[in-house]
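Right, one structure below, let's go through it.
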Amino acid sequence: MAQLDILLICQIGMGLFWIITYILVIYKGWKDKKYGMPMVAICANIAWEFIFTFLYPQNDLQRLITLTWLILDVVILMQFLRFAPPEYRRILSKKLLYASFLVTLIFSMLMILGIIHQFQDFEGKYAAFMQNLMMSGLFIGLLLRRGNLDGQSMGIAVCKMIGTLFAAVGFYLYFRTPFITIISIATFFYDCLYILLIYQMKRKLVAK
């Protein structure tokens, strides 16, 4: 019973803090009129969430959490399609940007399906942890490329880290593998770096 309670707490904590993360991304995006999540991260998230909502659903609670993530990510996608073209216009036309997005989404779907069958991982844990690490790096890249806090906030960074920690603790306690443990540590490191960079940027902007 204690094991089930801890797993349930980790599952709910992960789901809740990632939902808050997505809501904060949407809020900051509309406020700043900037997309808040990089294109590759959006594609990977939508692909994973679609697959594990409709093709390989988990228990009822996780399916509800994943469906909620998917709905929020669709809103984040709409923000990207609306706010990204002006930011990319120097290097990509709107049509080419949209085509790049579609191709990236298709390849994300295929790669996640490939990981599922390669590792017989019908719970999606390997793909989820790998793309979470990728997302941490992409958020840092977006922050450094823009040089400001448009679409980004301390709340996003902290909630992302907490949600990921709930997942990492649950898997470390009960489904531990060396690969996921290493990815969890790396993700935590980059999430902390992301928080530090946002803090430094906030101080710099206040000083101006």
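The values are calculated or read from the model by the stated rules, or taken from the named source; none is laboratory data. Bear in mind the structure is a predicted one, so any value in this text is a computation, not a measurement. Every residue, glycine among them, receives a Cβ derived from its backbone with ideal geometry; neighbour counts consider all protein chains shown. Heads up: the accessible areas ignore ligands, DNA and RNA and are worked out on the full protein's heavy atoms, side chains in. Shrake-Rupley method; radii C 1.70, N 1.55, O 1.52, S 1.80 Å.
A single entry from Gly147, Gly151, Gly137 fulfils the requirement of being at positive phi and at pLDDT 95 or above: Gly151.
Quickly run through region 49-65 and pick out the residues that are in a helix (DSSP H, G or I), farther than 16 Å from Gln11 by Cβ and open to solvent by 20 Å² or more (accessible area, probe 1.4 Å). Across region 49-65, the qualifying residues are Phe50, Phe54, Leu55. Between Thr21, Thr68, the distinction of being over 11 Å from the mean Cα position of the chain (by Cα) and more than 16 Å from Thr104 (Cα to Cα) belongs to Thr68 only.
Pairs needed: first member in region 36-61, of a type in the set (Asp, Glu); second member anywhere, outside any loop (DSSP other than H, G, I, E, B) and at pLDDT 95 or above; C-beta distance under 8 Å; at least 6 residues apart or different chains. Close Cβ pairs (under 8 Å, with a partner that is outside any loop (DSSP other than H, G, I, E, B) and at pLDDT 95 or above) amount to Glu49/Thr66; Glu49/Leu67; Glu49/Trp69; Glu49/Leu70; Glu49/Asp73. Taking the conditions (1) open to solvent by 30 Å² or more (accessible area, probe 1.4 Å); (2) within 24 Å of Leu143 (Cβ to Cβ) in turn, Tyr35 satisfies each one other than (1).
In the set (1) in a helix (DSSP H, G or I); (2) open to solvent by 60 Å² or more (accessible area, probe 1.4 Å); (3) free of Cβ contacts under 8 Å to residues at least 24 places away in the same chain, the condition left unmet by Pro85 is number (2).
All conditions but one from (1) assigned to a helix (DSSP H, G or I); (2) at pLDDT 95 or above apply to Met201; the one that does not is (2).
Scanning region 70-82 for residues that are touching a Gly at 6+ places or on another chain (Cβ under 8 Å) and either within 26 Å of Cys10 (Cβ to Cβ) or surrounded by fewer than 21 Cβ atoms within 10 Å (Cβ to Cβ) (or both) returns a single hit, Ile76.
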